[in-house]
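Let me begin by presenting the structure, written as structure tokens, before commenting on it.
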Amino acid sequence: MRILGIAGSLRRGSHNRRLLRAAGAQLPSGVDLVEWDALAAIPAFNEDEELDPPEVVSDFLAEIESADALLIATPEYNASLPGALKNALDWASRPFPENVLRHKPCAVIGASTGLFGAVWAQAEVRKALKASGAHVLESELPVGLADAAFTEDGALVDPELTARLRDVVGDLVREVGAPVEG
Ligand SMILES: Cc1cc2nc3c(=O)[nH]c(=O)nc-3n(C[C@H](O)[C@H](O)[C@H](O)COP(=O)(O)O)c2cc1C
């Protein structure tokens, strides 16, 4: 089984990329987390091009299509998701309704340096994914005070958060085998 991991930050040293990797370490054997790293190269969405998108976008859509599930780790920018991530999800949502996100099992986690761990951003990502027809898990994983949340080797310091992260990825893996609704 192959899970495509998307970090919504372009920053070197991103806490959300670290969180994605920490999630990869919690996966059962036989399940791979493949990190997608072309977010910075995705051009602004243009509806005129949605049926013949630029190659970097087609490659992104193909990555989603061939993955069994998506795991998105999002930062929070101004109480919402980062524009670059929203833009990439807008490309993935088209053409609607038969897009690559349709019925795709997705889970959303997030880290921020504030107290609340990007909960608003996670909710916004889930909303955009649901509007695109994805099968979105309700679980969230808010990692607050992210500057102090990780060990030097990238694990989460808090064992309770580690257990919740394991639950989220476990739920996602189970959803891949579950029947599709709607
Ligand atoms: C433009 C901008 C807006 C931000 N707005 C919020 C916010 O609304 N809530 C929050 O908790 N953190 C906010 N932050 C702090 C981010 O959570 C923090 O920079 C985080 O580390 C970004 O994720 P990353 O480490 O994966 O790059 C903001 C940061 C930036 C650069």
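No lab work stands behind these numbers, since they all come straight from the coordinates. Keep in mind it's a predicted model, so treat the numbers as computed, not measured. Backbone-built Cβ (ideal geometry, glycine too); neighbour counts: all protein chains shown.
Descriptive notes on the structure:
- Sum of -39500 (n - 2.57) over DSSP H runs of 4+, divided by residues of the chain (222 nm, nearest 500): -11000 deg cm²/dmol
- Convex hull of Cα atoms in the chain, direction-averaged projection (nm²): 9.8
- Between Ala73, Gly154, Asn46, the Cα set farthest toward the positive side of the dipole of the chain (charges on each charged residue's Cβ, about the Cα centre) is that of Gly154.
- Helix 119-131 axis versus longest C-alpha principal axis of the chain: approximately 30°, rounded to the nearest ten.
- The angle between the Cα long axis of helix 55-66 and the longest principal axis of the Cα atoms of the chain comes to about 70 degrees, rounded to the nearest 10.
- Between Thr151 and Val56, the simple spin-label model (points 7 angstrom out along Cα→Cβ) gives 3.6 nm.
- Set of aspartates and glutamates near Lys127 by C-alpha distance (under 15 Å), chain-local residues within fewer than 8 positions excluded: Glu76, Asp90, Glu138, Glu140
- Legend: ranking of residues Glu124, Glu152, Glu55 from fewest to most surrounding C-beta atoms inside 10 Å; resulting order Glu152, Glu55, Glu124.
- Two-site FRET efficiency, Val176 against Asn46, from Cβ-Cβ distance with R₀ of 25 Å, rounded to 0.05: 0.20
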